[in-house]
1. Scan segment 321-362 for residues that are β-branched (V, I, T) and either in a strand (DSSP E or B) or within 17 Å of L235 (Cβ to Cβ) (or both) and jot them down.
2. Out of all the residues in segment 87-103, is one or more polar (S, T, N, Q), assigned to a loop (DSSP other than H, G, I, E, B), within 25 Å of the chain's Cα centre (by Cα) and over 30 Å from E218 (Cα atoms)?
3. Could you give me the residue pairs with C-beta distances under 9 Å whose first residue belongs to segment 293-306 and is free of Cβ contacts under 8 Å to residues at least 24 places away in the same chain, whose second residue is small (G, A, S) and in a helix (DSSP H, G or I) wherever it lies, and which are 6+ apart or on separate chains?
4. Do you know which residues across segment 115-173 are in contact with a strand residue (DSSP E or B) (Cβ under 7 Å, 6 or more places away or on another chain) and at positive phi?
5. If we scan segment 15-29, do we find a residue that is among the aromatic types (F, W, Y), in contact (Cβ under 8 Å) with a residue 60 or more places away in the chain and not in a helix (DSSP H, G or I)?
6. Considering only segment 143-192, state which residues are without any contact (Cβ under 8 Å) to a residue 40 or more places away in the chain, surrounded by 16 or more Cβ atoms within 10 Å (Cβ to Cβ) and over 23 Å from V75 (Cα atoms).
7. Can you run down the residue pairs with Cβ atoms below 8 Å, 6 or more apart or on separate chains, where the first is in segment 262-291 and touching a residue at least 24 places away in the same chain (Cβ under 8 Å) and under 18 Å from H250 (Cβ atoms) and the partner is basic (K, R) and assigned to a strand (DSSP E or B)?
8. State the number of residues belonging to segment 80-93 that are under 13 Å from G171 (Cβ atoms) and touching a residue at least 40 places away in the same chain (Cβ under 8 Å).
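The values are calculated or read from the model by the stated rules, or taken from the named source; none is laboratory data. For clarity, every value in this text was computed on a predicted model and none was experimentally measured. Because the Cβ atoms are built from the backbone with ideal geometry, glycine has one as well, and the counts that use them run over all protein chains shown.
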Amino acid sequence: MILVHICCAVDSHFFLQKLQEKYPHDKLVGFFYDPNIHPYSEYYLRLLDVKRSCDMLGIELIEGDYDYEAWIEAVRGFEDEPEQGKRCDICFDNRLEVSAKQAVSLGIKTLTTTLMMSPKKSIKQLENAGKLIEQKYDIDFLIVDFRKGGGTNEQFAMAKKNRLYHQDYCGCIYGLTKQRESQKRVADELFSPISKQILPESIQERIKLYEKRILLEEKNRPYKIVRENFLNYRLFRSSLKLNKEIIPSHILPFSTTKREFLKFKIEDKIQDIYFANRENIRLISLSTYNKLSNQNYKNIKELIYNPPSFNSELEHKNQIVNTTYSLSAVLVIEDIVLDGRYELLLDSICYEDVKEILVNLG
């Protein structure tokens with residue numbers, strides 16, 4: 001028997017099949033132990049895909065504990081290390097040691113890891129970590145390099161064919177932030193609104209897509225997963241003052257301003273929409289919002305913590321502005337004060353992004 005530590009389905013699906021070919025008489029047992037993955041929603045999504053992969057291959061899978069706090073403590077002081085640096089050494093030691101303990105508890109004498117399939121990981125680092133495990137736990141650590149001879153290309157082709165979830169960062173928060181900084185991209189994986197609204201191309205949206213994929217497969221329904229470019233949006237923070245007092249406010253999607261902070265007054269009204277004298281800002285009252293959305297929110301706080309879906313709110317905004325995907329800021333407040341002095345703090349961003357879409361063919 002061989003215990004295989006698994007990091008993600010893209011690496012494991014190919015790796016496990018190559019192991020089955022190379023060691024046809026050994027039973028493989030998968031062990032998903034990855035407390036380095038952050039946030040938890042990303043961990044859950046990768047586990048979901050690994051379970052599907054192991055089911056396809058007929059391999060038993062064991063899930064380890066998600067001990068994220070212990071992992072954070074283990075790498076403390078090495079947050080700024082580069083990929084393949086000392087933090088990775090500690091991370092490998094941590095995950096392989098727990099995997100070795102799992103192997104010993106199961107009476108398995110051979111251990112390996114799908115991390116060796118990742119193009120971003122150092123085989124040498126993993127080999128050194130494996131030697132320490134062998135000495136400490138009296139088990140064999142299997143070093144196999146299936147990347148050679150076009151293995152990596154074959155791996156990615158197989159992942160695409162089997163419609164696996166292809167994450168684009170190793171998993172840890174430190175690797176993610178460094179990678180996004182170098183790419184000059186928003187680390188939107190780390191954003192989760194207090195409203196719990198599912199945002200475009202968020203991990204939560206991906207989870208829904210891949211859970212639906214599994215349901216379609218269980219019903220033998222044909223489908224495809226396609227990718228498309230689109231304009232994404234994130235609101236980082238906002239606040240609104242009326243006559244120097246902060247008042248509750250709700251910001252609709254794709255609301256932006258050129259400056260993060262500005263003052264304005266109401267200068268016009270058309271029907272139930274109020275126009276500011278700065279940056280094409282629009283305001284509507286909560287009662288108007290309720291009419292547009294066919295809701296019955298009693299106050300702004302209730303709206304903030306339990307809003308309609310992102311797409312629904314985008315439709316509501318399009319009823320207020322004259323251009324689809326308008327970037328003008330639209331604010332919802334309980335009551336409009338015509339002669340009030342408003343101060344708006346709005347920190348938001350629109351950016352190019354790519355999303356996956358599940359097309360049901362059945």
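1. Residues of segment 321-362 that are β-branched (V, I, T), as a first pass: 321, 323-324, 330, 332-333, 336-337, 349, 354, 357, 359.
If the condition is that a residue be β-branched (V, I, T) and either in a strand (DSSP E or B) or within 17 Å of L235 (Cβ to Cβ) (or both), then V321, V330, V332, I333, I349, V354, I357, V359 are the ones that fit.
2. As a first pass, look at segment 87-103 and keep what is polar (S, T, N, Q): 94, 99, 102.
Now restrict to residues that are assigned to a loop (DSSP other than H, G, I, E, B): none.
No; the residues of segment 87-103 include none that is polar (S, T, N, Q), assigned to a loop (DSSP other than H, G, I, E, B), within 25 Å of the chain's Cα centre (by Cα) and over 30 Å from E218 (Cα atoms).
3. What qualifies is S293/S312.
4. R163
5. Start the filter on segment 15-29 by keeping residues that are among the aromatic types (F, W, Y), which leaves 15, 23.
Filter once more, keeping what is in contact (Cβ under 8 Å) with a residue 60 or more places away in the chain: 15.
Narrowing further to those that are not in a helix (DSSP H, G or I): none.
No, the conditions are met nowhere in segment 15-29.
6. R147 - this is the single residue of segment 143-192 that is without any contact (Cβ under 8 Å) to a residue 40 or more places away in the chain, surrounded by 16 or more Cβ atoms within 10 Å (Cβ to Cβ) and over 23 Å from V75 (Cα atoms).
7. From segment 262-291, the pairs are I273/R282; Y274/R282; A276/R282.
8. Filtering segment 80-93 down to residues under 13 Å from G171 (Cβ atoms) leaves 83, 87-88, 91-92.
Still in the list and also touching a residue at least 40 places away in the same chain (Cβ under 8 Å): 83, 87, 91.
Adding up the residues that qualify gives 3.
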